[in-house]
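The values are calculated or read from the model by the stated rules, or taken from the named source; none is laboratory data. As the structure is a computational prediction, the values presented were derived from the model and not from experiment. Reconstructed Cβ throughout: ideal geometry from the backbone, glycine too, with neighbour counts over all protein chains shown. What goes into the accessible areas is simple: the full protein's heavy atoms, side chains included, and nothing from ligands, DNA or RNA. Shrake-Rupley method; radii C 1.70, N 1.55, O 1.52, S 1.80 Å.
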Amino acid sequence: MEYFIKSPIFADFTAEEIETFLKHNNYKIVKLDTNESLDVELGKSVYLISGAVATYEINENGKKTLIHLFLPEKEPMISIDDEVGYSTVSIIAKKPSLILLLGNDSFSSVNPSLLYLQNKFQKNIIDYFFAITKYIMERTLCNTEAYARDKIIRYIKQLYQKQNKNVLSLTLTRSELADHLLMDTSTLMRELKQMKKEGIIDYNRNKITITDTSLLS
């Protein structure tokens with residue numbers, strides 16, 4: 001219950017209200033170990049309660065393409081629409097994760113005794129959609145840039161605006177960041193190495209350090 005109380009989708013819920021809400025809705029809780037995957041049934045809404053997961057499109061040839069990385073404190077909802085358009089959508093845990101699955105029919109009928117809780121839950125989901133829309137806009141802005149380096153620089157500036165420090169924490173792996181910026185991993189690594197050589201940045205597996213602050217201008 002501790003993780004549920006901390007989740008943004010249950011913001012302002014008491015433990016008792018969470019139990020009542022779940023009791024009267026069609027739900028399932030899934031635990032995933034690191035690198036364990038879950039193929040998501042269409043028509044389900046998936047909520048990340050703890051851990052970190054990434055969603056992948058898997059085409060008919062078996063190739064995986066990152067759709068998005070989800071963290072519970074920022075982006076807890078993974079909505080799999082009936083018309084999503086992917087051959088398969090898989091959720092892969094990046095660390096041990098706890099996932100809540102709700103059927104989209106959970107809110108099709110209104111139970112007067114649960115109306116207050118349903119409204120509160122839906123408000124939290126609306127707040128989430130504002131956050132994910134902002135993320136999509138940021139990614140789109142990165143990928144309006146024509147050159148790989150310009151995409152990377154814009155991404156670094158976005159991270160700086162959020163973290164407000166020169167040592168930036170990365171939540172994406174190198175391959176995931178390459179997917180995020182719509183480039184090959186080899187292109188990403190070549191640009192990062194060149195930027196490090198030029199004294200613009202330093203980097204390791206999960207951090208980028210801005211060594212030339214003129215990058216932010």
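Which FRET efficiency value, to the nearest 0.05, is calculated for Asn206 and Ala15 with the Förster distance at 25 angstrom and r the Cβ-Cβ distance?
Computed FRET efficiency for Asn206 and Ala15: 0.15.
Report, by chain and number, residues whose modeled amide H sits under 5 Å from the one on Ala11, excluding near sequence neighbours (fewer than 5 apart, same chain).
It is none; the list stays empty.
Compute the length gained on full extension between Met1 and Arg149: take 0.36 nm times their separation in residues and subtract their Cα-Cα distance, giving the result in nm to one decimal.
Gain on extension, Met1 to Arg149, equals 48.9 nm.
Quick check: residue separation of Lys23 and Glu198 times 0.36 nm, minus the Cα distance between them. What number comes out in nm?
57.2 nm
Can you flag which of Lys63/Lys151; Lys28/Lys165; Lys94/Lys157; Lys31/Lys193; Lys95/Lys165 are past 31 Å Cα-Cα?
Lys28/Lys165; Lys31/Lys193
Accessible surface of Ser50 in the full protein assembly, 1.4 angstrom probe, to the nearest 10 Å²?
20 Å²
Can you give me the long-range amide H partners of Ala52? Hydrogens built in the peptide plane at 1.01 Å from N, cutoff under 5 Å, separation of 5 or more residues or another chain.
Lys94, Lys95
Take each of the peptides 155-166, 179-190, average the number of other beta-carbon atoms within 10 Å over its residues, and list them starting from the highest.
So the order, starting with the most tightly packed, is 179-190, 155-166.
With each label point set 7 Å from Cα along the Cα-Cβ vector, what nm distance links Arg139 and Lys165?
2.6 nm
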